[in-house]
Structures are given as C-alpha cells and as structure tokens.
Amino acid sequence: MFVNKYITCLVFVFLWLFTPIAAQDFNYPEPLKVGVYDNPPKIFINKQGKADGIFVDLAKSIAKKEGLELEFVEGEWSDLLIMLQNGEIDVMPDMAFSNERDSLFNLSFPVLSSWIQVYTTDETVINRVTDLQDKTIGVLKASRQEEIMKTTVKLENGIDYGVITYNDYSSSVMALKSREIDAIVANRFFYFSELCDKDITATGVILEPSELYFGFNKAVDPRLIDIFNNNILELKNDPKSGYYRSLGKWFDKKEGALPKHIIWIMAATFSVLIILLVFVLMLRYQVKLKTKILTEKNGELLYAKQKAEESDKLKTVFLQNMSHEIRTPLNAILGFLDLLKDDELDIDSRNKYLDIVGRSGERLLNTINDIIEISKIESKQVHYQPATVNIHSLMEYFSAVFGQLAAQKGIKFKVTRQILEEQSLVESDKRLLEGVLANLLNNAIKFTNNGTIEFGNTIENGSLIFFVKDTGIGIPNDRIHAIFDRFVFADLKINRPYEGSGLGLSIVKAYVSLLDGKIRVDSEVGKGSTFFFSIPYKAKKI
C-alpha cells in the first residue's frame, strides 16, 4: 500500500540533493493558506484563538526560514478537505495516506509516525478488538478512522458495531462522557491533548500504523512542495532542531498539573506555616524550661496518640481484607455452638454439630493462613531457601495424605509416572515445593466429584516437571488467564457450591516463580484439568 509513496519519497530526496538552488530561488507570490482543525496536540486553535500544535510549529519554522507568509484557515476536517481539493486552501496538515487521497492531493515527506487507537472510560472494558462487538464507536467525520472502522476492522475481525461521526474531537469526547457512545477511535496523539483527561482511558487496542504528511492542492507549484520536503529532512536530521523541541513540548503530558495561582497560594501557605512552626518551637522551648514535668506528660500523651492511631490503622486494614470466606465459617461456628447449649440435644445431632464446628474452624484457619501467606509474598518476606529434597519421599507422603482424602470422596488416586530412584535427590526449597503440590492436589480433590486424580513427575530438557490431572469440572477457556489472580475462581459462581479463599493458585504461581519455574494448565469444561509446573533439575548425589 505504501510502496508507491516510499518510491516517491526517494525521488524527492534525490531531487533535493541535486537541485537545491531551484527551491531556494522560489518566491511564493501570495499568503500560503494552511487549513487548521481540532486535533490537539498535532493541530488546533488554542485558547488565544491562534493556530497551534506540532504541524503549526513546523509550518511556521519553514515559513520563517524560507520567507513565506502563512494564513491559517480554521474549519472542520471534512470541510477543509473539500476546500483543499477546490483550491480554496493550499496546504492541509496532518493527512494520513490513502489511495484516494494520493490521487487527489500531493503529499510531502512523512512528518510524524502514528497509529489509530481506541479510547474509552473506566465503565467500559475494551482489551482487544473483539471487545468492540455491539459497541457504539465515535470517529471524526471524513477521517481515515471513519474509513477503516466502517469497513476494514469489521471485515477482518468478523465483528459488528455502530459508528457515529462527529465534526470534531470535542463533540466525540462529550458524547463519550455522556454515555452516548462506548468508545472513541482516534490517532495516538489524542492521548497528549487536553481532551484526553483523567476520565478517558487509552486502551491497548492499536489499529493501522501510518505516516502523517502535509497535503497540497494538485495545482500548487511543485517547488513549494520541494521547499517543505527539504526543510522536513533537514529538521528531522538535526536532533537539536525546532522539530524535536516541538515534539518535546507537546508530548510532555503533565498529569494533574496545578495552575500557577494555586502554586503561589501553596507557597505562601507553606511560608506562613514555616513562620508559625518557628514560633511554636520557640514557645515549646520556653515551656520546657519552665515546666519539665508538663513536657514529659505531653510527650507521653503524644506517644499514646500515635500508638492509638497506629492501632486504628491496623484495625481498618484488617477489616477491609475480611471477606465472605471469613464471615461464613465464623457464623457457622457461633451458630452451632449456640445450638450445642441445648441440654436435650441428642448425641447424633451433637456430634454432627461438633463436626460442622470443626470443619468451619478448619476452613477459617485455612483462609487466614492463605491471607497471611499472600501478605508475606507481597511484602517480599518469602525467600528461596535451597536444600536437598528427596522427590520420592515427597511423592510418597503426598500420595498417602491426599490418597486418603480422595478415597473419602470415592475418587481414585494414583501416581502414574515418577523419576528413577537414583534421580530423586535434588536441590530445591522443600517448603515452597510442598506448598505448590498441596494446593494443586487440594484443588483437584475439591473440584472432582467422581473419576480419577493422577499425580506424577518426569525430567525433560533439564527441568523437573510435576503434573496433577483430574476429571473434575474443568475451566472455561475465557477464564484460564484469570485463575492465578487473587480471590478469583474459574467459575464466577464458584463461591456458592465450593469453599475456598481464591488465594491458592495465586500462592502457587508466586511459589513457582520463587523456584525459578513455570506453570501452565490444560483444561476442558466437564472433562477436567491438568496442571503442569516445572523447576530447574539440580541433581544431588545419593
């Protein structure tokens, strides 16, 4: 698509190198009319009512050097294109290449590299192109974005969505914030404009990388285009030129920058506070000299206040992390303990209630242990501690413990593959390795109601690979990526039929990472899952 354009650029470079005098001798007889529309920071009308932006900076720089007079003509993009085609203006900045435009206009050398990007709000989740399905998209009227969103993107991705055109970006932003549309499709420079504020989010959906040019009316003297091309090359080849100073100015997006008057107020307030602080320190010094006892008491009160605030903060953090998995077993324990106070309760009911209290206590303890462990992982308190580990002994232990738990549910449990006896001594962290295996086996038993659980290991390409295979409920394909996140289940309804904090696989992933290993899962809904994790095989001599 761009081959002809690049060949044209090479021809222009050749002409620039070998015929510089012709361009320098050229005098444009009248003001050069340059179109300006709303697309900050590339080109726009600023608050002072003047043309501004990257393309305007570049045009002014060229005009100043070449002695050209510029006249900026404001309008909407679609109207300006018609004006350029009719010769009412001479130059239209910020023009992306298309076959149609290449036939209607003459394009300069590339000025900027760009791409098209999807922008939305926090209320709408768009992570991939297919998330645009059934959405309403806003685009600039008669823009390249409108062209590809109405045809190319729909055809290439097999999706359907609505497209609404706007005369300027300001109108599309208002529509997005008022929820008339779900997303805006704009160029990458939109992110650096004032329109892209804290309420608008740039997604990772990138479409059609392209180059941006100055577009010229076909009737414009070719020597004028040569002048622009010569200057574009010269400015882009000089790292200290006005071209790069302009990019630095407009791409320096200062999030949340304070107005100058606010900064002055803050500075004045800070100065007053400093004066007051000095005054207070002097008073405190005088008080200290007059009454040492009062100062000591004030110190004790201040310390007590700090301890009380620290205690409140810890209490708040703790309460914020409490969840369904803590309240539910706790309510069960309290409820059944209350029932156990009944003196007329029969032995069977009493034993049943005691069993429920015991299992609820276990559930509560497991949840608390998981929260503590994930907190230790987050605070970098869990470290890899290498030691000699006997893999055969480890497998026998887990086979015995979890084989019994599986038998209680009527599930077959078997070890299908194992490394040789002489290969079983390795260097690793036993606690972390046990934590990974325990969590995976526990999940396999929890989510399998009938069938078989297989457990084994092997050595491949210098790695010790463990696997846990079950015939349980399985994991949907669109949920596999999320199961290693905290408090997340494969099934969004899983908190009803199955217990658990949702932290187990998050801990597994962290442990495997500390072991310098990798973990993956193969699963099919209704047929079961197989978890594989590998760690470096570091053999120890028996």
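Tabulated values for the structure
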read-out	value
Sequence-distant lysines (8 or more away, or on other chains) whose Cα lies within less than 18 Å of residue 380	509
Chain lengthening between residue 115 and residue 527 when straightened (0.36 nm per residue, less Cα-Cα)	144.0 nm
Contour minus Cα-Cα distance for residue 208 and residue 103 (0.36 nm per residue)	35.8 nm
Charged-residue dipole, Cβ positions (Lys, Arg, Asp, Glu), segment 114-209 about Cα centre, Debye nearest 20	140 debye
Measure of compaction for the chain (Cα Rg per 2.2 N^0.38 Å)	1.45
Over 19 Å (Cα to Cα) - which of 47/240; 141/218; 414/446; 414/469; 414/541 fall in this group	47/240; 141/218; 414/541
Pairwise FRET efficiency - residue 308 versus residue 416, Cβ, R0 = 41 Å, nearest 0.05	0.10
Rg to Rh, two decimals, where segment 261-307 supplies the alpha carbon set and Rh follows Kirkwood	1.21
Cross-link reach list, lysines versus residue 177, counting only Cα pairs under 18 Å and skipping chain neighbours closer than eight places	135, 198
R0 of 41 Å, Cβ-Cβ distance residue 86-residue 125: FRET efficiency to nearest 0.05	0.40
Links that overshoot a 26 Å alpha carbon limit, given the list 409/538; 64/249; 409/430	409/538; 409/430
Approximate spin-label separation residue 368-residue 276, in nm, with each point projected 7 Å along Cα-to-Cβ	4.5 nm
Cα extents of segment 114-209 along the three principal axes, largest first (Å)	33, 26, 22
Per-peptide average of other Cβ atoms within 10 Å, ordering 279-289, 436-446, 128-138 highest first	436-446, 128-138, 279-289
DSSP beta bridges in the chain [antiparallel fraction, %, rounded to 5]	75 percent
Radius 15 Å from Cβ of residue 32, net charge of other residues (Lys, Arg +1; Asp, Glu -1)	-3
Rounded, prolate or oblate (a/c below 1.5 giving rounded, otherwise prolate when a/b exceeds b/c) for segment 27-91 by Cα gyration tensor	oblate
Descending semi-axes in Å of segment 324-479, equivalent ellipsoid built from Cα gyration tensor	36, 21, 16
Residues of type aspartates and glutamates that residue 65 reaches as a straight line, Cα spacing below 18 Å, ignoring anything fewer than 8 places off in the same chain	25, 30, 57, 226, 234, 238
Long-range HN-HN contacts of residue 538 with modeled amide H, under 5 Å	427
Approximate spin-label separation residue 450-residue 404, in nm, with each point projected 7 Å along Cα-to-Cβ	2.7 nm
Cα long-axis angle, helix 504-514 against the chain (0 to 90 degrees, to the nearest 10)	70 degrees
Long-range amide H partners of residue 74 with built H, under 5 Å	36
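Computed from the coordinates by the stated procedures, all read-outs in this text should not be read as laboratory data. Just so you know, these numbers come straight off a predicted model, no measurement behind them. With ideal geometry, Cβ positions are generated from the backbone for all residues, glycine too; neighbour counts draw on all protein chains shown.
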